[in-house]
1. So how do 52-61, 33-42 stack up, highest first, on mean other-Cβ count within 10 Å?
2. Diagonalise the Cα gyration tensor of segment 15-59 and give the resulting equivalent ellipsoid semi-axes, square root of 5 times each eigenvalue, largest first, whole Å.
3. May I ask you to sort Lys43, Lys66 by Cβ crowding, counting other Cβ atoms within 10 Å and putting the fewest first?
Amino acid sequence: MTKLVKTKGASINATCIGCGCDDEHACCNHNLPCHWLVVDYDKQAGVCSECEEYVTLWDQGVREYKPDGRRGDILGDRHG
């Protein structure tokens, strides 16, 4: 896995394929924000640290968030 770093000042955001969080709306666990395990800013997608189980789907080429009911989503109480 390769972790890419967003260029400072870049306006492109990525969305987690597991829960739908993004660069502006992180998941919070014990009041700490998530971080990217993998991210592709060209595809505007990634897998956050709260969705580690989605890395397998990422490795299979999934690059789109689709709510599946297993995780919270951007409007859920997991996001700050």
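Read the figures in this text as sums done on the coordinates, not as results from a lab. Predicted model only: the values in this text are computed from it and were never measured. A quick note on method: Cβ atoms are made from the backbone with ideal geometry, for glycine too, and the neighbour counts reach across all protein chains shown.
1. Values: 52-61: 13.0, 33-42: 16.9.
Averaged packing, sorted descending, gives the order 33-42, 52-61.
2. Taking √(5λ) for each eigenvalue gives 16, 12, 7 Å, largest first.
3. If I rank by nearby Cβ atoms, fewest first, I get Lys66, Lys43.
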